[in-house]
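Report on one structure; see the data block that follows.
Just so it is clear, none of the values below were taken in a lab; they were calculated from the coordinates. Owing to the predicted nature of the structure, the values given are computational and were not obtained by experimental measurement. We place every Cβ from the backbone using ideal geometry, glycine too, and count neighbours over all the protein chains shown.
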Amino acid sequence: MPETDSLSQEYQLLSWLPDETFFSLVSRHHQLWGHATAAQTCQLLFGSARAGSHHDLPNSLGSFVQHTNTLLGDASFIARERTLLKFYSAFASLSETQNAVACMSGPSVAHLKLRLGILTSRFRANHPLKACSQCMEQDLCETGWAYWHLTHQFPGVWVCTKHQQPLLQSTVKANGVERFQWLLPRLSQMLPASAVSDDAASQAALRGLAELIGQLVKSGAHHPILLRNLHEIYRPKLLQRGWLTSAGNLRTAPIATDFLAHCQSFRHVAEFTALAEDETDMVTQVGRLLRPPRSGTHPLRHLLLIHWLFGDAQQFDLATRSAGAIRPLPTQRGVLTERLVDDPRVGLLHDLISKEGHSVRKAANLVDIDPQTALLWAARREVGILRRPKKLKPDVRVKAIRDLRKGADKTHVASRAGVSVGTVTRLLLSDAKLHASWTAARSAQARNLCRTAWLRLLKSSASLGIKWMRQLDPRTYTWLYRNDRAWLDEHKPGQLPASHGPRSSGVDWDARDRRLSALVQEAALHLMLEQGVRRIHFWRLCQQIPDLRAKQASLHRLPRTLQAVQAALTAQPPSKDLFR
């Protein structure tokens with residue numbers, strides 16, 4: 001008997017709960033089945049003892065779908081709708097999302113966070129588990145389970161928009177404690193996001209940001225917001241506030257001052273510590289966000305900027321409509337979209353051509369549109385058009401179409417046919433299927449050329465490392481990175497030996513050391529004096545200070561923090577003067 005059949009017969013499969021994460025669903029199965037170890041559940045659902053246990057961007061979704069016989073959805077549905085990819089895909093192109101789904105369907109997600117720009121953003125990449133105490137109570141009464149809500153897990157969301165309550169942060173999983181376990185929210189394992197009590201202004205700001213993020217992620221599921229275009233949406237608002245010069249340049253000093261003041265409401269939450277703390281650093285940060293980007297960035301930076309400039313999703317949506325559509329339809333790059341123009345004259349044009357037999361020009365005149373627009377509308381409705389021989393005679397037209405289907409350049413086709421490039425362009429735009437075939441052929445040609453060039457470069461320069469290869473042929477690398485990333489990942493040079501030379505850093509290590517050492521001292525006193533812990537272990541400190549786990553490898557650069565940790569680990573109760 002196949003394994004999937006035996007699973008569905010011997011073990012009860014639970015259904016999705018509203019807004020439930022994939023990690024929560026598997027955790028409920030683990031608890032329902034009563035397995036002694038998480039490895040048993042992993043083996044049963046994923047075919048491996050450690051697979052699928054990431055709570056944010058899990059791997060082996062393909063194996064899960066196979067073992068559950070698609071009863072809980074396919075890999076694409078689970079990745080896009082039940083994991084944190086739903087957040088990141090709202091601000092990514094279709095190809096980037098498809099690459100992420102393919103990665104999560106496979107056995108490893110080792111480089112996924114790097115590709116999504118999470119690891120290099122200075123925002124926390126561990127995505128701490130969050131829950132609302134009122135949601136937990138309500139869910140337990142209505143469903144019998146307290147479970148993890150996906151909308152609570154989005155970066156930047158620290159308020160439950162349903163109950164208007166601050167979210168609690170889990171002390172396990174994200175900080176490395178019990179990181180391979182299947183867990184459901186428990187109040188005993190939850191802490192406030194900040195030790196500082198929130199004032200009304202901070203709560204209002206966090207609530208507004210959470211509502212904004214939820215609405216933009218929801219709309220971005222259908223029409224992604226491309227971060228590279230947002231600087232154009234910001235400019236009218238900046239001009240309205242007087243922050244653009246007469247020449248159109250940014251007045252970065254007043255912009256940074258105002259945005260810095262706006263960010264003060266969020267600083268008590270650890271996730272926002274990556275924001276600049278003074279005007280000098282803020283000038284640099286906002287300058288990168290308000291100009292055409294040279295590299296990717298974390299969506300949360302732009303979300304904070306949108307919250308500052310527009311306040312809510314409705315105002316931002318109005319701004320995007322005024323500035324032009326920045327949310328392209330989810331189609332392949334360069335392929336003509338099949339969505340019809342939302343115009344009542346489309347149907348009338350269709351009837352005039354197909355039912356009454358009018359020519360395109362006459363039908364266009366009757367509905368008061370340009371003939372070229374009529375050709376596009378008719379092509380998208382797949383209306384057959386009898387063409388009159390003009391510049392493109394029938395035999396020449398057939399040859400031109402044949403060359404275009406093979407992916408020939410428009411200039412080359414125009415030269416052979418003896419017509420202008422504009423005529424060839426109009427021919428392409430008037431036939432959606434021809435345009436799609438031409439685009440696919442051109443993409444295949446570009447892929448083959450780039451692959452050949454990269455393999456040649458790999459053969460000659462692999463010993464120099466990936467960074468040097470990118471500098472030698474940046475166009476080839478960029479095309480492959482954007483359009484053929486899976487192949488590129490399989491054809492990269494080996495990692496070069498780590499350099500031990502001095503490396504410049506923009507991090508203020510001394511300030512970070514002072515802040516972390518103070519947090520360690522406070523956490524140690526809290527554990528011993530208030531919780532009665534007789535001996536402190538490092539993992540307990542990480543539970544209290546999520547940032548500490550990420551800095552473990554850099555403690556040699558944080559002498560005060562290292563000294564505070566050592567003092568905490570060797571401290572004996574009931575002394576109250578551990579650090580004097």
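As a test of the formula, what do you get for the chain when each DSSP H run with n ≥ 4 contributes -39,500 (n - 2.57) and the sum is divided by the residue count, at 222 nm and rounded to the nearest 500 deg cm²/dmol? Intermediate values should be presented prior to the final figure.
Details: 30 runs with 309 residues, N = 580.
Mean residue ellipticity, 222 nm, calculated: -16000 deg cm²/dmol.
Is region 1-152 best put as rounded, prolate or oblate by its Cα gyration tensor, with a ≥ b ≥ c the root eigenvalues, rounded for a/c under 1.5, and otherwise prolate when a/b is larger than b/c, oblate when not? List each step's numbers first, then the result.
Details: a/c = 1.81, a/b = 1.20, b/c = 1.51.
Verdict is oblate for region 1-152.
Exposure proxy check: Val419, Val398 ranked by fewest other beta carbons within 10 Å?
Details: Val419 19, Val398 11.
Arranged by neighbour count, lowest to highest, Val419, Val398 become Val398, Val419.
Quick check on the exposure proxy: order Arg186, Arg115 from fewest to most C-beta atoms within 10 angstrom. Could you put the intermediate results ahead of the total?
Working: Arg186 13, Arg115 19.
In order of increasing Cβ crowding within 10 Å: Arg186, Arg115.
Tell me, which cysteines of the chain are without a disulfide-compatible partner by the Cβ under 4.7 Å rule?
Cys42, Cys103, Cys141, Cys263, Cys450, Cys542
Would you work out the charge dipole size for the chain about its Cα centre, treating the Cβ of every Lys and Arg as +1 and the Cβ of every Asp and Glu as -1, and quote it to the nearest 20 debye? Don't skip to the end; give the middle numbers.
On the way: 74 positive and 48 negative charges, 578 e Å.
Its charge dipole is roughly 2780 debye.
Report the gain in length on full extension from Arg251 to Thr425: 0.36 nm times residue separation, minus Cα-Cα distance, nm rounded to one decimal.
Numbers: separation 174, 0.36 × 174 = 62.64 nm, distance 4.19 nm.
That pair, Arg251 and Thr425, stretches by 58.5 nm at full extension.
Any idea what angle helix 279-290 forms with the longest principal axis of the chain, computed on alpha-carbon atoms, 0 to 90 degrees, nearest 10?
Value to nearest ten degrees: 30.
If I model a spin label at Thr280 and Ala550 as a point 7 Å from the Cα along the Cα→Cβ vector, what separation in nanometres do I get?
Reported label-point gap for Thr280 and Ala550 is 2.4 nm.
Between Val533 and Leu318, how many nm apart are label points set 7 Å from Cα along the C-beta direction?
5.1
Report the label-to-label distance for Lys393 and Arg515 in nanometres (one decimal), using points 7 Å from each Cα along the Cα→Cβ vector.
Between Lys393 and Arg515, the simple spin-label model gives 7.6 nm.
I'd like the FRET efficiency for Ser108 and Ser415, computed as 1/(1 + (r/R0)^6) with the beta carbon distance as r and R0 of 60 Å, rounded to 0.05. Mind dumping the intermediate values first?
Working: r = 49 Å, r/R0 = 0.81.
Using R0 = 60 Å, I get an efficiency of 0.80.
Most exposed first by the Cβ proxy, i.e. fewest other Cβ within 10 Å, how do Leu184, Leu114, Leu541 rank?
Details: Leu184 18, Leu114 11, Leu541 21.
Taking fewest neighbouring Cβ atoms as first place, the list is Leu114, Leu184, Leu541.
Set Lys and Arg Cβ to +1 and Asp and Glu Cβ to -1, take the dipole of the chain about its Cα centre, and tell me which of Thr273, Pro18, Met190 lies farthest positive.
Thr273
Under 11 Å from a label point 7 Å along Cα→Cβ of Arg50: give me every residue in region 177-218 with its amide N that close.
The answer is 180, whose backbone nitrogens lie closer than 11 Å to the label point.
Rounded, prolate or oblate: pick one for the chain, where a ≥ b ≥ c are the square roots of the eigenvalues of its C-alpha gyration tensor, a/c under 1.5 means rounded, and failing that, prolate if a/b is larger than b/c, else oblate. Numbers along the way, then the final one.
On the way: a/c = 1.87, a/b = 1.69, b/c = 1.11.
Because a/c hits 1.5 or more and a/b exceeds b/c, the chain counts as prolate.
List the pairs from Lys130/Lys551; Lys86/Lys492; Lys86/Lys433; Lys86/Lys130 whose alpha-carbon separation is above 20 Å, in the order I gave them.
On the way: Lys130/Lys551 22 Å; Lys86/Lys492 29 Å; Lys86/Lys433 31 Å; Lys86/Lys130 16 Å.
Checking Cα-Cα distances, Lys130/Lys551; Lys86/Lys492; Lys86/Lys433 exceed 20 Å.
From the backbone phi of region 82-94, what are the Karplus-calculated ³J(HN,Hα) couplings (6.51 cos²θ - 1.76 cosθ + 1.60, θ = phi - 60°) in whole Hz, Gly and Pro given as x?
For region 82-94, the Karplus-derived couplings read 10, 10, 5, 4, 4, 5, 6, 5, 5, 10, 10, 6, 4 Hz, x marking Gly and Pro.
Rank Phe154, Ala38, Val413 by how far each Cα sits towards the positive end of the charge dipole of the chain (+1 on Lys, Arg Cβ; -1 on Asp, Glu Cβ) and give me just the farthest.
It is Val413.
What FRET efficiency comes out for the pair Gln43/His222, r = Cβ-Cβ distance, R0 = 41 Å, nearest 0.05?
On the way: r = 37 Å, r/R0 = 0.91.
E between Gln43 and His222, to the nearest 0.05, is 0.65.
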